[in-house]
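Below: one structure, written as structure tokens.
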Amino acid sequence: DDRKKPVYCEVTLTKEGKNPAVLTVEDDGAGFDEVTDVWTFFRSTEKRDSATVSGRFNAGEKQLLAMAIEAEILTNNHTVIFKNGERKHTKHRTPVIAGTKITASFRWNFTEFEAAVQQLKSVIPPAGLRFVVNGELIESPKLTATTRVTLPTVLLKDVDGVAALRQTRRATNVQVLETKGTPTLYELGVPVCALDHEFPYSLNVEQKIPVPMTRDVVSKSYIERLIGLVLESTAMDGISLLTDDHADATFIKASLGYITDTDALGKVTKDVFPNAVQWSSDTQANAFATLEGLTVLPRGKFGRETIDRLKQNGILPSAYEQFGNKADKSREQGNANTVTKVPVHCPNCDNE
């Protein structure tokens, strides 16, 4: 908090013919706190102490440099050059730049080059930062809602004298964003991976997400939990994110299992299944529900815990719960009208 925050970050990535791609990133922030961070792998970093700051492995820029043919970093009064397998560090008497500038070249073909440009443009800039990629000002996606949920995260903690990253849970804001392409999971504005659960929005989690060093994947259960908690929290705020178009989406079954608030569960199920009843083993009750124009949801639509919550709170009844009396009465009338067969004997031969 006591260091200068950048107000702009400008990125250019170019490639001409068979020449290497050239990346330049420049900002007007405080620069590297310790210049040795430029080349020290896995060094402890203060970013680990805060869940609301991206970064924890102190490996990101080193991975960039490892991929580069050559690179130059200007930060405050330092110049660091990587070339021909060697590192040259020069410390100047006065600052050479107000902020940081990194220039690096890469042996990328045009497919890799275009993919890198798209990734850069998909970043959600922090509030107050002017983020430009190849001359294009990058705007944040349209915000649908901001909600607060409690999610797993990682923090540097000291346990019995040993400092290490520990799993914990913290309340955080999550931005629900409209998307024109593939819905994406973001960590503090940095794209992590596609949601891949047919969820219609992108989600930007404003704290560290439990990811491996590749930073491009999270567990399936984390995404299901995130979607479920977002649905619950927005429903409690009176916001509808889903419609009956999402009734068959793959995220529904697992994510509804994380909605424990009764009112929220009722609102979400009403939005997604507005004219439906749950499947019943009573086929006649299912038939009556269908005749009434209701959709009988297939067996296995919900998890066991969700079914119990729905039943305990009278939400989304089964076909029998809604039409059981009618089905039972129909069966009684049918039995009463059944013709009973009475054996008749021939008076001459006594045969039946």
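Below are the figures for this structure:
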| item | result |
| --- | --- |
| Which numbered condition Ser281 misses (of (1) assigned to a loop (DSSP other than H, G, I, E, B); (2) under 30 Å from Thr146 (Cα atoms)) | (2) |
| Yes/no for Lys270 being basic (Lys, Arg) and either at pLDDT below 95 or over 29 Å from Asp328 (Cβ atoms) (or both) | no |
| Residue identified as part of a helix (DSSP H, G or I), more than 25 Å from the chain's Cα centre (by Cα) and surrounded by 15 or more Cβ atoms within 10 Å (Cβ to Cβ) among Leu310, Leu265 | Leu310 |
| Residue pairs meeting the criteria (Cβ under 7 Å; at least 6 apart or on separate chains; first closer than 20 Å to Thr150 by Cα, in the stretch 195-209; second among the hydroxyl-bearing types (Ser, Thr, Tyr) and open to solvent by 40 Å² or more (accessible area, probe 1.4 Å)) | Tyr201/Thr144; Tyr201/Thr179; Ser202/Thr179; Glu206/Thr52; Gln207/Thr52 |
| Output for the stretch 98-111, where each listed residue is touching a residue at least 40 places away in the same chain (Cβ under 8 Å), open to solvent by 40 Å² or more (accessible area, probe 1.4 Å) and not in a strand (DSSP E or B) | Ala98, Arg107, Trp108, Phe110 |
| Test: Ala163 is more than 30 Å from Leu74 (Cβ to Cβ), modelled with pLDDT under 90 and over 22 Å from the mean Cα position of the chain (by Cα) | yes |
| Selection from the stretch 182-212 of residues that are in a loop (DSSP other than H, G, I, E, B), open to solvent by 10 Å² or more (accessible area, probe 1.4 Å) and under 22 Å from Ile252 (Cβ atoms) | Thr182, Pro183, Asp196, His197, Glu198, Pro200, Tyr201 |
| Cβ pairs under 7 Å, 6+ apart, first in the stretch 211-227 and of a type in the set (Ser, Thr, Tyr), second buried (at least 16 other Cβ atoms within 10 Å of the Cβ) | Tyr222/Pro152 |
| Looking only at the stretch 27-48, and only at residues there that are open to solvent by less than 60 Å² (accessible area, probe 1.4 Å) and farther than 17 Å from Phe82 by Cβ, the one that is modelled with the lowest pLDDT | Arg48 |
| The lone exception for Gly135 - which of (1) under 26 Å from Tyr258 (Cα atoms); (2) at pLDDT 95 or above it fails | (1) |
| Of the criteria (1) in a loop (DSSP other than H, G, I, E, B); (2) at negative phi, which one Arg215 fails | (2) |
| Pairs where the first residue, in the stretch 21-44, is under 21 Å from Lys91 (Cα atoms) and assigned to a strand (DSSP E or B) and the second is modelled with pLDDT of 85 or more and of a type in the set (Phe, Trp, Tyr), C-beta under 9 Å, 6+ apart | Glu26/Tyr8; Asp27/Tyr8 |
| Of residues in the stretch 230-254 being touching a residue at least 60 places away in the same chain (Cβ under 8 Å) and open to solvent by 30 Å² or more (accessible area, probe 1.4 Å), the one farthest from Ala276 (Cα to Cα) | Asp237 |
| Of all residues in the stretch 6-20 being touching a Leu at 6+ places or on another chain (Cβ under 8 Å) and either charged (D, E, K, R) or part of a loop (DSSP other than H, G, I, E, B) (or both), the one that is most open to solvent (accessible area, probe 1.4 Å) | Val7 |
| Count of the stretch 140-160 residues which are assigned to a strand (DSSP E or B), loosely packed, with under 13 Cβ neighbours inside 10 Å and modelled with pLDDT under 85 | 2 |
| Qualifying residue in the stretch 59-79 (condition: outside any loop (DSSP other than H, G, I, E, B), modelled with pLDDT of 95 or more and either within 31 Å of the chain's Cα centre (by Cα) or acidic (Asp, Glu) (or both)) | yes |
| Criterion (farther than 30 Å from Glu206 by Cα, part of a loop (DSSP other than H, G, I, E, B), of a type in the set (Val, Ile, Thr) and out of contact with any strand residue (DSSP E or B) (no Cβ under 9 Å at 6 or more places or on another chain)) met by exactly one of Ile259, Ile315 | Ile315 |
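Residue by residue, here is whether (1) among the small types (Gly, Ala, Ser); (2) touching an Asp or Glu at 6+ places or on another chain (Cβ under 8 Å); (3) more than 13 Å from Ala145 (Cα to Cα) holds:
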{"site": "Val230", "(1), (2), (3)": "no, no, no"}
{"site": "Thr234", "(1), (2), (3)": "no, no, no"}
{"site": "Gly238", "(1), (2), (3)": "yes, no, no"}
{"site": "His246", "(1), (2), (3)": "no, yes, yes"}
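The values are calculated or read from the model by the stated rules, or taken from the named source; none is laboratory data. As the structure is a computational prediction, the values presented were derived from the model and not from experiment. When we count neighbours, we look across all protein chains shown, and the Cβ atoms used for this are built from the backbone with ideal geometry, even at glycine. With ligands, DNA and RNA removed, areas are computed over all heavy atoms of the protein, side chains included. Shrake-Rupley method; radii C 1.70, N 1.55, O 1.52, S 1.80 Å.
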